[in-house]
Amino acid sequence: MFEPTLENDTRNSDNIISYQNQPALVAIAGRPNVGKSTLFNRLIGERRAIIANEPGTTRDRVIGKLDTLDSSFMIFDTGGLQGNASDHMEEKIHKQVYTAVEDANIIIFLADGSSGITPLDHEIARDLRKYNKPMLLVINKCESEARKASLSEFFQLGLGDPIPISAIQNQGIYELIEKMTELYSQTPMKTITNKAVPKFAIVGKPNAGKSSILNCIAGDTRAIVDNTPGTTRDAIDTSIFYNNQEISLIDTAGLKKRGSINPGIEKFSSLRAFHAIERSNIGILVIDLENLMTMQDSHIAGYVLDAYKGLVIAINKWDLAKNFGYTKKEVLQQVRLKMHWATYVPILFVSALKNEGITELIETGIEVWQNRFIKIPRAKLNQIILDAMAKHPLPSQGPRHLRFIRAIQKSIDPPSFTLYVSDPKMVHFSYRRYLQNSIRNNFEYKGNPIKLNFERLGS
């Protein structure tokens, strides 16, 4: 395999990161609908968490990064705490929140200045104090002076001076970050030298087992797992290390057919999933054995490949194969038939419930990611193209013949090539695919689409 040497190869020294201190982990906790996700988005500088006026919009913990001149923070947005959990889903949300609090160095307890202090605020404050961690009491929705003047009641919580902010209007955020920096005790200088991190977006239809797969890979319950379709709403980032290789895992909401996506939170969740695909390198498409390879599965695979991301297909619930009378050969034939346009995509068999096939899934994902960085020497690339054209000549239109001039590899990640010809308009998509396959036959781009452009020299 040839080592990449192009300018956009971020696996080498270009991606060395130095921190004077380790990032502090900050968990935002509070009751539902006090503005936790709005504050999270404000702190990290982008809309990653879904915002709505519906309590309970955030279910999983979502992670984002905040860097200042003096410090670095990893911010956890969490679901709303509702006192004693009244149902199975609320119980799982509470577990997620307190897992984030347990991991955190600093806790932001967020309350609502517009509604004032509530019995639930008292209950949550008592629970959070048990963790004996540095805590900031932050009162949101303090847009008016009258609300700021009424903050004295929050002293009852015994968490120190309340910090008034308005997350939606960006008021008091600078002061909050200053308080966070003060709380975070500096650690000895540590330099982290880190090669590029592969980003795996775990995608699929609702209830295919995406969160269960993520939890198996991560080794703990990072995403809420439930049999109700649509449990995951935000795109969740989780970092793991495998054989000294850092990997970023992005769990996403289930993708439905476009016509069946409801407006509101469900639509926002789908947009987050598409955004997760865009910022990933590799898509892991989880397919439920009980509902094998539907048209929607093919569409999702198409979304990933059309974005020029690598793809790995994971057939989940393989522990039930005998119940359904499936063999691996039959399933491979069925999936390959539906995916005949992408035969280079690896297909694996896993069971999240039994934790089977997960190691192979991780290793295959890393292999597909590494293949995105293959650099083909220019002489070899041109020889491949010329040999292919000798077997199947370039197309012609009447007396006009298409003339090939040269080929270059424009970039890696994704692997991108440009062929200079006399008239790009004469190239049919079938001939483009033929040349892509010719490149693939000589160099292993396992799981990766090849970007092949035709240009007129000098254009």
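The values are calculated or read from the model by the stated rules, or taken from the named source; none is laboratory data. This one's a predicted model, so the numbers in the text were calculated from it and none came from an experiment. Cβ sites come from the backbone with ideal geometry, for glycine too, and all protein chains shown count toward neighbours.
Considering the stretch 332-367 alone, what residues qualify as being buried (at least 19 other Cβ atoms within 10 Å of the Cβ) and either polar (S, T, N, Q) or assigned by TED's automatic domain parsing to the domain that holds LYS451 (or both)?
Once the filter is applied, which keeps residues that are buried (at least 19 other Cβ atoms within 10 Å of the Cβ) and either polar (S, T, N, Q) or assigned by TED's automatic domain parsing to the domain that holds LYS451 (or both), the stretch 332-367 yields SER351, THR364.
Which one of these does LYS329 not meet: (1) surrounded by 14 or more Cβ atoms within 10 Å (Cβ to Cβ); (2) among the basic types (Lys, Arg); (3) farther than 22 Å from ASP251 by Cβ?
(1)
May I ask you to say which residue of LYS425, LYS410 is charged (D, E, K, R) and in contact (Cβ under 8 Å) with a residue 12 or more places away in the chain? Walk me through it before giving the result.
Details: LYS425 fails: in contact (Cβ under 8 Å) with a residue 12 or more places away in the chain.
The conditions single out LYS410.
Of all residues in the stretch 88-139, which are crowded, with 23+ Cβ neighbours inside 10 Å and assigned to a loop (DSSP other than H, G, I, E, B)?
Residues satisfying the conditions are ALA104, GLY113.
Considering only the stretch 335-362, state which residues are more than 24 Å from TYR434 (Cα to Cα) and in contact (Cβ under 8 Å) with a residue 40 or more places away in the chain. So that I can check it myself, show each step before the final result.
Quick first cut of the stretch 335-362, residues more than 24 Å from TYR434 (Cα to Cα) only: 348-362.
Scanning the stretch 335-362 gives VAL350, ALA352, LEU353, ASN355, GLY357, ILE358, LEU361, ILE362.
Can you pull out every residue in the stretch 411-446 that is under 26 Å from the mean Cα position of the chain (by Cα) and more than 12 Å from TYR308 (Cβ to Cβ)? If you could, list the steps in order and put the result at the bottom.
Here is the first cut: in the stretch 411-446, the ones under 26 Å from the mean Cα position of the chain (by Cα) are 411-416, 444-446.
Within the stretch 411-446, GLU444, LYS446 meet the criteria.
Taking the condition under 23 Å from the mean Cα position of the chain (by Cα), crowded, with 18+ Cβ neighbours inside 10 Å and farther than 20 Å from ILE300 by Cβ, does ILE376 pass? First the steps, then the outcome.
On the way: under 23 Å from the mean Cα position of the chain (by Cα): no; crowded, with 18+ Cβ neighbours inside 10 Å: yes; farther than 20 Å from ILE300 by Cβ: yes.
In short, no.
Rundown of residues vs (1) crowded, with 18+ Cβ neighbours inside 10 Å; (2) in contact with a strand residue (DSSP E or B) (Cβ under 6 Å, 6 or more places away or on another chain), yes/no style:
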| residue | (1), (2) |
| --- | --- |
| LYS391 | no, no |
| PRO415 | yes, no |
| LEU419 | yes, yes |
| HIS428 | no, no |
| GLY447 | yes, yes |
| ASN453 | no, yes |
| LEU457 | no, yes |
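Can you tell me which condition ILE405 does not meet? The list is (1) in contact with a strand residue (DSSP E or B) (Cβ under 7 Å, 6 or more places away or on another chain); (2) surrounded by fewer than 16 Cβ atoms within 10 Å (Cβ to Cβ); (3) within 21 Å of VAL304 (Cα to Cα), and all the others hold.
All conditions pass for ILE405, except number (3).
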